[in-house]
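For reference, the structure discussed in these notes is given below.
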Amino acid sequence: MDAQTQSLLLEKDLAFAKKGIRSGLLAGACWGLNGVLMGMVLALGPFTNNMSIFAAPLVGACIHDGFAALWLFIHNVIKGKWREYARTLKTRPAKMIMLASILGGPIGMSGNLLGIYFAGASYTAAITAAYPAIGAILGAIFLKEKLSPRVWGGISLAIVGSFVVGMVPPEGSNYPYFYLGIGLAAVAAIGWAVEGVISTYGMDLVDPEIAIGIREATSFFVYIFAILPLIGGVSYQIFFHSFTTSAGWYIAVIAMIGATSFLSWYRAMNMTGVGRAMGLNVTFALWSVFFGWLLNDLQLTPNLIIGVIIICLGTILTIGNPKDLVNLRNR
């Protein structure tokens with residue numbers, strides 16, 4: 001291969017990687033926006049029903065994941081992949097994805113939206129952004145993965161940042177259950193981390209766009225047939241009433257933003273590598289602060305800003321060497 005051909009291939013690879021970086025940033029921005037908008041919708045009727053403080057966010061999560069599954073299915077139909085659903089569901093990897101979906105959806109997403117409901121979107125995003133660090137710890141415990149000093153340093157920073165974010169609620173806060181929300185956000189981070197450990201096998205052997213479609217559909221069905229019945233009749237009252245108001249349809253649109261985040265995230269992993277894509281994706285914590293300030297009059301407290309930055313830095317250290325993440329020639 002002559003020098004000119006090598007140069008052209010390198011430029012093509014760099015352009016591909018740069019496109020992946022844009023996808024990674026889009027994934028982070030969409031997820032940050034998704035959380036802020038969900039927090040705003042959960043402040044509308046019928047989600048302000050006082051009969052159960054847990055019912056409203058869980059119903060919101062159910063509607064969100066149901067519509068996300070629908071939008072992803074439509075996306076896959078347009079791309080001619082709809083037959084892959086039936087074929088994939090017969091395989092062992094799909095069953096692993098479905099198991100992981102229960103941890104990432106009903107547990108992770110429930111913790112996320114309950115955290116948003118009780119502590120606000122930006123504080124919840126800051127805590128959940130530490131999930132890769134938790135995943136690294138779980139990998140060391142259960143998969144016997146060896147962690148380098150850099151990774152341990154990143155984990156330590158993520159933990160410190162989480163304490164900084166969660167130690168002081170915003171002044172004049174409208175969140176009387178702030179610390180409960182922080183705890184539930186931590187549950188979401190653990191759920192997503194465990195999901196990542198379990199789903200690694202399945203995701204490697206299944207088309208990612210089909211896998212995320214199965215993940216969201218599984219989450220929705222667990223909500224509608226298991227979690228909502230456990231909550232009781234009030235959950236179905238909120239569910240059906242939401243579609244007689246604008247709130248339920250707002251969530252349908254927000255779910256499209258969430259689905260865009262999922263697709264962009266997997267596209268980024270393919271184009272620019274897992275470590276770099278994850279580093280870009282966890283910027284959703286920063287995006288959440290920005291959109292919260294822009295759209296919802298978020299009070300920018302020092303502990304929130306400092307904590308978010310520390311968590312993002314710690315997470316980036318956990319998932320890869322910063323020099324390699326910046327150097328596009330190392331994919």
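The values are calculated or read from the model by the stated rules, or taken from the named source; none is laboratory data. These figures come from a predicted structure and were not determined experimentally. No Cβ is skipped: glycine too gets one built from the backbone with ideal geometry, and neighbour counts run over all protein chains shown.
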Looking only at the range 59-71, decide whether some residue is under 19 Å from Val187 (Cβ atoms), touching a helix residue (DSSP H, G or I) at 6+ places or on another chain (Cβ under 9 Å) and among the aliphatic types (A, V, I, L, M).
yes
Counting only helices (runs of 4 or more DSSP H) entirely within the range 193-274, those with at least 1 residues that are among the acidic types (Asp, Glu) and over 25 Å from Leu37 (Cα atoms) are none
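Matching residues to (1) surrounded by fewer than 24 Cβ atoms within 10 Å (Cβ to Cβ); (2) β-branched (Val, Ile, Thr); (3) at pLDDT 90 or above:
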| site | (1), (2), (3) |
| --- | --- |
| Leu70 | yes, no, yes |
| His75 | yes, no, yes |
| Arg92 | yes, no, no |
| Ala100 | no, no, no |
| Met109 | no, no, yes |
| Ile116 | no, yes, yes |
| Ala125 | no, no, yes |
| Leu157 | yes, no, no |
Scanning the range 229-257 residue by residue, the ones that are under 17 Å from Ile107 (Cα atoms) and either out of contact with any Leu (no Cβ under 9 Å at 6 or more places or on another chain) or modelled with pLDDT of 95 or more (or both) total 2
I'd like the full set of residues that are closer than 19 Å to Trp293 by Cβ, touching a helix residue (DSSP H, G or I) at 6+ places or on another chain (Cβ under 8 Å) and in a loop (DSSP other than H, G, I, E, B), limited to the range 148-175.
Val168, Pro169, Pro170, Tyr175
With the condition kept exactly as written, say whether any residue in the range 134-147 is without any contact (Cβ under 8 Å) to a residue 12 or more places away in the chain, outside any helix (DSSP H, G or I) and among the small types (Gly, Ala, Ser).
no
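Let's see how each residue does on (1) within 14 Å of the chain's Cα centre (by Cα); (2) without any contact (Cβ under 8 Å) to a residue 40 or more places away in the chain:
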site	(1), (2)
Ile74	no, yes
Lys90	no, yes
Met96	no, no
Ile127	yes, no
Pair list, Cβ < 9 Å and 6+ apart or interchain, from the range 186-211 residues that are aliphatic (A, V, I, L, M) to residues that are surrounded by fewer than 22 Cβ atoms within 10 Å (Cβ to Cβ) and modelled with pLDDT under 75
Val197/Leu143; Ala211/Met203
